[in-house]
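No lab work stands behind these numbers, since they all come straight from the coordinates. Computed from a predicted structure; not experimentally measured. Positions of Cβ are generated from backbone atoms using ideal geometry, with glycine treated the same way; all protein chains shown enter the neighbour counts.
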Amino acid sequence: MNIFVLLKRTFDTEEKIVISNGSIVEDGAEFIINPYDEYAVEEAIQIRDSQGGEVTVVSVGGEEAEKQLRTALAMGADKAVLINIEDDIENGDQFTTSKILAEFLQGKEADLILAGNVAIDGGSGQVGPRVADLLDIPYITTITNITVDGTSVKIVRDVEGDSETIEAALPLLVTAQQGLNEPRYPSLPGIMKAKKKPLEELELDDLDLDEDDVEAKTKTIEIFLPPKKEAGKVLEGELDVQVKELVSLLHSEAKVI
Amino acid sequence: MNASVKETQFHEELRQSVRAVCSKYPDAYWRELDANLTYPEEFVNEITSSGFLAALIPEEYGGSGLGITEASIILEEINRSGGNAGACHAQMYTMGTLLRHGSPEQKEKYLPKIAEGSLRLQAFGVTEPNTGSDTTKLRTFAERRGNKYIVNGQKVFISRAEHSDLMVLLVRTTPLEQVKKKSEGLSVLLVDLQAAIGNGLTVKPIRTMMNHASTELFIEDLEVPAENLIGEEGKGFKYILDGMNAERILIAAECIGDGRWFIERASNYAKDRVVFGRPIGQNQGVQFPIARAHINIEAADLMRFKAASLFDAGEKCGAEANMAKLLAADSSWEAANAAVQTHGGYGFAEEYDVERKFKETRLYQVAPISTNLILSFVAEHVLGLPRSY
Ligand SMILES: Cc1cc2nc3c(=O)[nH]c(=O)nc-3n(C[C@H](O)[C@H](O)[C@H](O)COP(=O)(O)OP(=O)(O)OC[C@H]3O[C@@H](n4cnc5c(N)ncnc54)[C@H](O)[C@@H]3O)c2cc1C
Ligand SMILES: Cc1cc2nc3c(=O)[nH]c(=O)nc-3n(C[C@H](O)[C@H](O)[C@H](O)COP(=O)(O)OP(=O)(O)OC[C@H]3O[C@@H](n4cnc5c(N)ncnc54)[C@H](O)[C@@H]3O)c2cc1C
């Protein structure tokens, strides 16, 4: 099976976000494989191990994403491709990323493409479905289980806490939801082997794309942190007085009733 | 990308991966082991099966063929995470004896199994009740009879003997009176512990201040096949000595891991704990000892990497390895003390883990070599002062 995984380098979930001059400060922050993409990598490796074939991880980003690609190789992926847009694109969006990925995947004859359900930084959840759309293949999002049998695939997906079982056929794109698996960490032999695995670096030129072809469709107007939580208010006194006060506060201050 | 950037990246990757394993074994795991004096079986199995303990074993025998620098990073990260590499470090430093001096048959027989984890080489029997630091006076004697050695004697503080399959045992094979130099006539035997226990070997646990699985060994007419002799008879002390530099560097790294753990815990606590209306860390009396310990840990770390790179380049590193061990053990102890003091009463409470790590890091002032012996070594071999011991 020819399996591809779309992987993004993101902020560590434990990092505190600091904004300076309208953008997020990245200095000194730890970066990781987007956790949902990590499920995708793990699942891809498991499917390859049971069905045979090859897993290629692809990332659109800068030079630094090499580190996360190496980790995926150390986990067990076979090949990695970094599409380095550092020098070509200043402000990309989900359209940019999916257009580039789709261009790359075009003609690669992927049987199965796995992506994360969302990236924990931007949180749009668009890239997977958009890539599938551009490639004109079906997609299923937020999957929590997948069984491949020949070219037919049985999938369980999470639907806001409920689950739905779907049958589909390859080629297919799926996006991973939490619960799909427990991603492995790289073993030492895994890290050593990864050193010898191919990591190809491409630029827009190599995909016959111009900056104009992938220009963002959206514009970021402002980035700001959510307002700080104010201290809560505890009402006191007789119960009926409290209820009256609550209603009046909900009406006049919170303006919800 | 140049080679040194690549190496730094690789080391970072190594650290991350060891941290990923350790994150599955949080404070509470080690705390419970400590309370019940039990061996970290699951942790040791996992750190072995994920290949990290086999870092030094050559690739042809199923390891990763890395250097002491990488091995030291692995042990450092275990201690840095709040765990205790003492439960499994011996494999890394005793294995060198087998690797450098074992016969091709012995290596073929044992190394692949040690690498994959089906055999544990975690016990190292040198210390005896009456000889201590004066190793060459050890009395455990192995007499050659046909294709066997018959061993008699006693060892003390032999850690992990109950949790290991193999033990590297240092014995006398020629009586002290019959050798020209006291370092001659000692030999190294590889003992199959499973076969030996109950057949000439009795293992008795020693309760110590911390959870270290230390034991006393009573050896009476224990038969060890002659094929288990490592290298040549009579040259064992030399074999053990040339493993010492590796051991010093690895222990230094563990202390550095401990030190960083203490500094982090102490700093965090000092930022959060408010007494007299402000964080205690705002008082110089609290922050200075932490800052000083941090400085000393960083300095020790430089010496550790200096020693490790000399070792990996195959150069002499006795002085550097010993100095790294002393600096690191002193500074981890200093950091431990600062962490306890900073935590006030809570430094003594088990649920803060500071007292556990405090006990664990204290060992490295005494074992595997005590600080005084390092000073004696440096005075004699580096400064040319008269031998004092
Ligand atoms: C928890 C634990 C685990 C251990 N695990 C192992 C193990 O797995 N295998 C093993 O073989 N051993 C092990 N040991 C033993 C350890 O290596 C020894 O305790 C250590 O080498 C010191 O020897 P000793 O205890 O006999 O002290 P001694 O040699 O009696 O020394 C006592 C004190 O006197 C000082 N001293 C001695 N001679 C001099 C001198 N000439 N000048 C100045 N000061 C001197 C020492 O520095 C020390 O402070 C372990 C010990 C402990 C506590
Ligand atoms: C085993 C044990 C038994 C105990 N028994 C009793 C008992 O029977 N009854 C009882 O009442 N208490 C008891 N205690 C509590 C003990 O008295 C307190 O732990 C001690 O007074 C320190 O208080 P603390 O732990 O809150 O530390 P904190 O006050 O939080 O101090 C933490 C650290 O900050 C330092 N510090 C704080 N403020 C400053 C400053 N302004 N300048 C410089 N340094 C500062 C302190 O010196 C300390 O090193 C016991 C504690 C232990 C561990």
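Couple of notes before you dig in:
- For B:Lys180, the lysines whose Cα comes closer than 19 Å to its Cα, not counting residues fewer than 8 places off in the same chain, are B:Lys137, B:Lys235, B:Lys238.
- Karplus (6.51, -1.76, 1.60) ³J(HN,Hα), θ = phi - 60°, over region B:45-61, in Hz, Gly and Pro reported as x: 4, 6, 5, 7, 5, 7, x, 5, 6, 9, 3, 8, 6, x, 4, 4, 9
- For region A:1-45, size of Cβ-based charge dipole, Lys and Arg +1, Asp and Glu -1, in debye: 180 debye
- Each Lys and Arg Cβ is given +1 and each Asp and Glu Cβ -1; about its Cα centre, chain B then shows a dipole of about 900 debye.
- Gained length - A:Asp208 relative to A:Ser23, 0.36 nm times residue gap less alpha-carbon distance: 63.5 nm
- Length released on extending from A:Glu160 to A:Ile223, taking residue separation times 0.36 nm less the Cα-Cα span: 19.9 nm
- Once the Cβ-Cβ distance of A:Ala169 and A:Glu64 is raised to the sixth power relative to R0 = 25 Å, the FRET efficiency obtained is 0.10.
- Computed from the C-beta positions of B:Glu223 and B:Leu375, the FRET efficiency with R₀ = 51 Å rounds to 0.80.
- Under the Debye formula (equal points on every Cα, no solvent term), log10 I(q)/I(0) of region A:2-214 at q = 0.14 Å⁻¹: -0.83
- The phi-based Karplus calculation (6.51 cos²θ - 1.76 cosθ + 1.60; θ = phi - 60°) puts the 3J(HN,Hα) values of region B:95-100 at 4, x, 4, 5, 5, 7 Hz, whole numbers, x for Gly and Pro.
- Separation between Cα centres of region B:169-220 and region B:295-359, rounded to whole Å: 29 Å
- Stretch gain in nm, segment B:Ala35-B:Asp192, where the contour uses 0.36 nm per residue and the Cα spacing is subtracted: 53.5 nm
- Mean separation of Cα contacts under 8 Å, 6 or more apart, over the residue count of region B:90-225: relative contact order %: 24 percent
- Angle of helix A:35-51 to the longest C-alpha principal axis of chain A, folded into 0 to 90 degrees and rounded to 10: 30°.
- Rough spin-label spacing in nm, given labels placed 7 Å along Cα→Cβ, for A:Lys16 and B:Ala28: 2.6 nm
- Neighbourhood net charge (10 Å Cβ-Cβ; Lys/Arg +1, Asp/Glu -1) for B:Ala328: -2
- Note: relative contact order over region A:2-214, using C-alpha pairs below 8 Å and six or more positions apart, is 26 percent.
- Pairwise centroid distance, computed over Cα atoms, of region A:1-39 with region A:77-117, Å: 16 Å
- Value of D in µm² per second that Stokes-Einstein yields for region A:72-173, Kirkwood Rh from Cα pairs, at 25 °C (0.890 mPa s): 162 µm²/s
- Residues whose amide H falls under 5 Å from that of A:Val60, counting only those 5 or more places apart or on a different chain, are A:Leu7, A:Ile83, with hydrogens built in the peptide plane.
- Among the listed pairs A:Lys197/B:Lys6; A:Lys79/B:Lys24; A:Lys193/B:Lys316; A:Lys8/B:Lys24, those with a Cα-Cα distance over 20 Å are A:Lys79/B:Lys24; A:Lys193/B:Lys316; A:Lys8/B:Lys24.
- FRET efficiency estimate (nearest 0.05) - Cβ-Cβ, A:Asn145 to A:Asp87, R0 35 angstrom: 0.30
- Relative contact order of chain B: 15 percent, from C-alpha pairs under 8 Å at least 6 residues apart in sequence.
- Distant-in-sequence amide contacts of A:Thr141, defined by a placed amide H-H separation under 5 Å and a gap of 5 or more residues or a different chain, comprise A:Thr175.
- Computed helical MRE - 222 nm, chain B, DSSP H runs ≥ 4 contributing -39500 (n - 2.57), nearest 500: -16000 deg cm²/dmol
- What the phi angles of region A:119-133 give under the Karplus curve with 6.51, -1.76 and 1.60, with θ = phi - 60°, is a coupling list of 9, 6, 8, x, x, 7, x, 9, 4, x, x, 5, 4, 4, 5 Hz, glycine and proline written as x.
- Within the listed set A:Ala40, A:Ala231, A:Ala74, the residue fluctuating most in the Gaussian network model of chain A (springs between alpha-carbon atoms under 10 angstrom) is A:Ala231.
- Summing Lys and Arg as +1 and Asp and Glu as -1 over all other residues whose Cβ lies under 12 Å from the Cβ of B:Asp134 gives a net charge of +2.
- Bins of 20 Å from zero: percent of alpha-carbon pairs in the protein assembly as shown: 16, 40, 31, 11, 1, 0
- Computed over Cα pairs, the Kirkwood radius of chain B leads via Stokes-Einstein (1.002 mPa s, 20 °C) to a diffusion coefficient of 99 µm² per second.
- Per residue, the convex hull volume that the Cα atoms of region B:53-181 enclose (Å³): 145 Å³
- Amide H partners (placed H, <5 Å) of B:Tyr149, local residues excluded: B:Val224, B:Ala226
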